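Below: one structure, written as structure tokens.
The values are calculated or read from the model by the stated rules, or taken from the named source; none is laboratory data. A quick note: this is a predicted structure, and the numbers were derived from the prediction, not measured. Cβ coordinates were reconstructed from backbone atoms using ideal geometry, including for glycine residues, and neighbour counts include every protein chain displayed. Just the protein is used for accessible areas: all its heavy atoms, side chains included, with ligands, DNA and RNA removed. Shrake-Rupley method; radii C 1.70, N 1.55, O 1.52, S 1.80 Å.
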Amino acid sequence: MDQRQQSIEARQLTYCTLCGACDAACPIGLRPMQTILAQGQKENMLEPFAARAPKTGGELLLSPNKAVRRSFSQSQWVDDCGIDIAKALANGDSIDSQRLQQFIAPLVLASQIVVSDGLLYYALRHWLPNTPLVTLAERLLPKLHHHLQAGDLLLLDPPAFHANYDYLLPIVQQATRHKGVELNLDLQRLAVSLRSYRLDTKAALRARWQWLSLHHTINRIICENPDETTIAAAVSGLPALWLGDLEPL
Amino acid sequence: MPNLMRNQQTLPSRWQGEHWNDFVIALDAEGVELRCQRSSRELFAVDAGGLAFGLATGVCLAESAQQIATLLRIAQQFSVPVTVRGGGLSTEGEAIAFGGVLLDMSAMQRVLDVDVTEKTVRVEGGICWHTLAETLRRYGMDYLSAPLNMSSTVGGVLGVGGVDVNSMRFGCSADQALALQVVTPTGEIVECSDKHNHELFQQVILGYGQFGIITEASLRIRPFSPVRMSYIYYRDLPTAIDDMQALNRNQACDYCGILTMMDKVVSLLVAFDTPQKEMEFLQQHKPNLQGFSDLSLTVRLLAYYAIHPWRWREAIFLAHRKAELLPDLQPAAYMQDGALLDRSVVFSRAVWKHWGGRKMVIPDIATDSASFAEAVVRGNAVCKKHFPFYTLYCVGIRLRKDHRAHYTMSCIPPNATDFAYGCEFEPMLHGKMPSRDALQSFKNEIYDVGLDIGSSFYRFGGMMKGYIRRAFGDDIVDQQLAKKRTADPAFILNRDTVF
């Protein structure tokens, strides 16, 4: 019986979608996501990494996605996008401190960093507390929101949205107000995940899509995270595009 | 000294584990899984009250009525106590198992059917009110009334009451139940309502979990509407209570309640589902109220603290509290055209942020209309004696004549007729942690006020069960106890919660 219990408890760890809503939802400011991400780490991995430094660099883009890169100037692209680090965060794997230093070092001087991966955005806010970090929605919505239309579902990337929740919520609400655009927000104004950063089954994806679309009229899905468009289109049978593709910058 | 001894509250003794191994083997043979690792049991060692601690011998995660029926049938056979837990928001240890099985209902959280035409919903018993609200909103509907803390479960609340600021219009949450699926303590699955198996229905509603486990419930619902809300201020409690009761009698608003900062600022909340109702209130009822505006309150407070300068700490507290609380009661993300969307979410978050804490100490008194002001004033004096900062929360509950039988030995006082009134007395501890005995003494003093007045209590179970016979009298308690013994021969279900 103990073996059966252990296997159930191990499975339960994967039930967490790493959406980070627990951080944003907690009325007294607890940060459960930090504990969840720290699982499997030898040290307190969310300690601030870099001291305050002059911001002599320009805006940098941290995204391996080609569509996202095309929307920004080539000079903004960062070669090392920390794909392995984002993957380790998602899997709960240990992150080598030297590798982390190597990843962080070129970012310290940036005046602003656009981060496309929600989990990486969450972690970078802890690692680089003095560097302005923006999500794709924050960067793109003010320019593109007039291309959103009734029947669109704007799928926000939950970990990125929740990592800077108090600031991002008014921006998103302002951009979508009175347009008939649906958001993947619940009554607490927290973003509901379509895709899990951890193990995802087809059944789980279908169940999440059923919930997101329940009693909503949706004709098109607009994803903040470009990696989500394929999954969104497959599970919904609707056209899905990345937010930046609404119109080139 | 005798009085102190009489009031001493203790945790129930721990069940000693007789026949546990045979019980586990029998359950396993029937496919019912128990989690016996300490890490699983520790998750349920404490409730929201934070004053009682206990470990179950094993934890069972509820999956279906059939599974629960099997559990209870075998528990009867081996006399193993079963404690049921929903959101774990009890304050007196009612949701804690002191040995035996802890049945966690939180996985039974589906909405089974929403009937917009008939305005009803069918849910599983472990669903929390927040999840229900989420689903109902997709249909443009809302529940009628629910506790301000929305992480409580439907099954748990139907067993104890549930009051909201619109209970003065719709009654308590338990009054919204139309039908239930109940697993009896002997393991039968029974559907019941006011018409079908009505005796069981009456026993389970407001029955403190003694007569069965609610696995499904049908509830009345209504169309969703944003809320237009305003506050009227008072400097004394009886006047505010007088006005609240007048508003309730006349059904002058859709929501009404009193929230205080000590007895220095008494706010009467009034809110409306429609602009028409608000207009009617402004024209017909507001001129008769004795309260005043925010500006007028500020002027009066400034004058008061100008001539009482030694109370500067209190003045600073009030200023801070107002600055922190008011924005959280009307956050921009939830406002639309001057109306508040999803008030239940806003209130629930505010409750946790501004009134929550590691120890939730909220003794209460529930009275009829006539005794309410006296109960609040005397309870306020007790608060003042024990704590520099505290808050009171008062609401009316409209009673249903056809539900008199439901109200037996419940939070609804026996002498209440059209309305019952409840007041919660909550110290604000600000990170300070008085001893358990100090907090218990405070609760006892509040309860003693209630006994003296002849009231009932919302939280009379668990550690406060010593008050039950004194509050309800031996005759009623013995009648209920006899029914319990018939329904639950081995006395397994929620043992030590009430009896």
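Considering only the range B:459-482, state which residues are small (G, A, S), modelled with pLDDT under 95 and open to solvent by 10 Å² or more (accessible area, probe 1.4 Å).
From the range B:459-482, those small (G, A, S) are B:461-462, B:466, B:471, B:473, B:482; that's our starting set.
Keeping just the survivors that are modelled with pLDDT under 95 gives B:461-462, B:466, B:471, B:473.
Passing the criteria: B:G462, B:G466, B:A471, B:G473.
Residue under question is B:R459, and the condition is that it be under 27 Å from B:S369 (Cα atoms) and without any contact (Cβ under 8 Å) to a residue 40 or more places away in the chain; does it hold? Before you say what the answer is, go through the steps one by one.
Values: under 27 Å from B:S369 (Cα atoms): yes; without any contact (Cβ under 8 Å) to a residue 40 or more places away in the chain: no.
It is false that B:R459 is under 27 Å from B:S369 (Cα atoms) and without any contact (Cβ under 8 Å) to a residue 40 or more places away in the chain.
Among the residues making up the range B:121-149, those that are open to solvent by 30 Å² or more (accessible area, probe 1.4 Å), among the charged types (D, E, K, R) and within 11 Å of chain A (Cβ to nearest Cβ) are B:R137, B:R138. Within the range A:232-249, the set of residues being touching a Leu at 6+ places or on another chain (Cβ under 9 Å), open to solvent by 50 Å² or more (accessible area, probe 1.4 Å) and more than 13 Å from A:L148 (Cα to Cα) comprises A:A234, A:L249. Remark: B:V80 matches the filter, which requires a residue to be over 26 Å from B:A405 (Cβ atoms) and assigned to a loop (DSSP other than H, G, I, E, B). For B:D337, indicate whether it is more than 10 Å from chain A (Cβ to nearest Cβ), open to solvent by 20 Å² or more (accessible area, probe 1.4 Å) and at positive phi. Considered against the rule, which asks whether it is more than 10 Å from chain A (Cβ to nearest Cβ), open to solvent by 20 Å² or more (accessible area, probe 1.4 Å) and at positive phi, B:D337 comes out as yes.
Provide a single number: the residues in the range B:226-247 that are open to solvent by less than 30 Å² (accessible area, probe 1.4 Å) and under 23 Å from B:W355 (Cβ atoms). The qualifying residues number 8.
Name the single residue, out of those in the range B:32-48 being without any contact (Cβ under 8 Å) to a residue 24 or more places away in the chain and either surrounded by 18 or more Cβ atoms within 10 Å (Cβ to Cβ) or more than 12 Å from chain A (Cβ to nearest Cβ) (or both), that is farthest from B:G462 (Cα to Cα).
Step one: filter the range B:32-48 for residues without any contact (Cβ under 8 Å) to a residue 24 or more places away in the chain, giving B:36-40, B:42-43.
Still in the list and also either surrounded by 18 or more Cβ atoms within 10 Å (Cβ to Cβ) or more than 12 Å from chain A (Cβ to nearest Cβ) (or both): B:40, B:42.
Details: B:S40: 22, B:E42: 19 Å.
Checking each candidate, the answer is B:S40.
Select from the range B:98-125 the residues that are under 19 Å from B:L55 (Cβ atoms), part of a loop (DSSP other than H, G, I, E, B) and touching a residue at least 60 places away in the same chain (Cβ under 8 Å) and list them in ascending order.
Going residue by residue through the range B:98-125, those that are under 19 Å from B:L55 (Cβ atoms) are B:98-106.
Narrowing the set further to residues that are part of a loop (DSSP other than H, G, I, E, B) leaves B:98-100, B:105-106.
Answer for the range B:98-125, where residues must be under 19 Å from B:L55 (Cβ atoms), part of a loop (DSSP other than H, G, I, E, B) and touching a residue at least 60 places away in the same chain (Cβ under 8 Å): B:F98, B:G99, B:G100, B:M105.
Does the range B:173-188 contain any residue that is of a type in the set (D, E, K, R) and either open to solvent by 20 Å² or more (accessible area, probe 1.4 Å) or over 20 Å from A:L187 (Cα atoms) (or both)? Scanning the range B:173-188 turns up at least one residue that is of a type in the set (D, E, K, R) and either open to solvent by 20 Å² or more (accessible area, probe 1.4 Å) or over 20 Å from A:L187 (Cα atoms) (or both).
If only one of A:A163, A:A191, A:A204 is among the small types (G, A, S) and within 14 Å of chain B (Cβ to nearest Cβ), which one is it? Write out each step before concluding.
Details: A:A163 fails: within 14 Å of chain B (Cβ to nearest Cβ); A:A204 fails: within 14 Å of chain B (Cβ to nearest Cβ).
Every option except A:A191 fails the conditions.
If only residues of the range B:340-357 that are assigned to a helix (DSSP H, G or I), open to solvent by less than 40 Å² (accessible area, probe 1.4 Å) and in contact (Cβ under 8 Å) with a residue 40 or more places away in the chain are counted, the one that is nearest to the other protein chains (Cβ to nearest Cβ) is B:V345. Is it the case that some residue within the range B:19-31 is surrounded by 22 or more Cβ atoms within 10 Å (Cβ to Cβ) and assigned to a loop (DSSP other than H, G, I, E, B)? Scanning the range B:19-31 turns up no residue that is surrounded by 22 or more Cβ atoms within 10 Å (Cβ to Cβ) and assigned to a loop (DSSP other than H, G, I, E, B).
Residue-by-condition table, conditions (1) touching a Pro at 6+ places or on another chain (Cβ under 7 Å); (2) within 22 Å of A:L100 (Cα to Cα):
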| residue | (1), (2) |
| --- | --- |
| A:L128 | no, yes |
| A:L133 | no, yes |
| A:H147 | no, no |
| A:P159 | no, yes |
| A:Q188 | no, no |
| A:A191 | yes, no |
| A:W211 | no, no |
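Every residue, every condition in (1) open to solvent by less than 20 Å² (accessible area, probe 1.4 Å); (2) assigned to a strand (DSSP E or B); (3) basic (K, R); (4) closer than 28 Å to B:L51 by Cα, yes or no:
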position	(1), (2), (3), (4)
B:K359	no, no, yes, yes
B:I365	yes, yes, no, yes
B:E374	no, no, no, no
B:Y393	no, yes, no, yes
B:H403	yes, no, no, no
B:I412	yes, no, no, yes
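Does the range B:49-65 include one or more residues that are more than 13 Å from chain A (Cβ to nearest Cβ), open to solvent by 40 Å² or more (accessible area, probe 1.4 Å) and modelled with pLDDT of 95 or more?
no
Restricting the range A:195-231 to residues that are under 20 Å from the mean Cα position of the chain (by Cα) and of a type in the set (G, A, S) leaves a set whose member that is least open to solvent (accessible area, probe 1.4 Å) is A:S196.
If you go through the range A:229-249 and keep only what is small (G, A, S) and not in a strand (DSSP E or B), you end up with A:A232, A:A233, A:A234, A:S236, A:G237, A:G244.
Test B:F201 against the stated conditions and say whether it is away from chain A (no Cβ under 14 Å), out of contact with any strand residue (DSSP E or B) (no Cβ under 6 Å at 6 or more places or on another chain) and at pLDDT 95 or above. Criteria not met by B:F201.
Against the list (1) among the charged types (D, E, K, R); (2) over 18 Å from the mean Cα position of the chain (by Cα); (3) at pLDDT 95 or above, the condition B:R398 fails is (2). Among residues of the range B:214-230 that are under 30 Å from B:C192 (Cβ atoms), those with a beta-carbon under 9 Å from a residue that is open to solvent by less than 20 Å² (accessible area, probe 1.4 Å) and aromatic (F, W, Y) at least six positions away or on a different chain give the pairs B:L219/B:Y143; B:R220/B:Y143; B:I221/B:Y143; B:R222/B:Y143. Scanning the range B:80-109 for residues being surrounded by fewer than 20 Cβ atoms within 10 Å (Cβ to Cβ) and touching a helix residue (DSSP H, G or I) at 6+ places or on another chain (Cβ under 9 Å) gives a total of 1. Among the residues examined, B:G379 qualifies as in a helix (DSSP H, G or I), over 30 Å from A:R177 (Cα atoms) and at pLDDT 95 or above.
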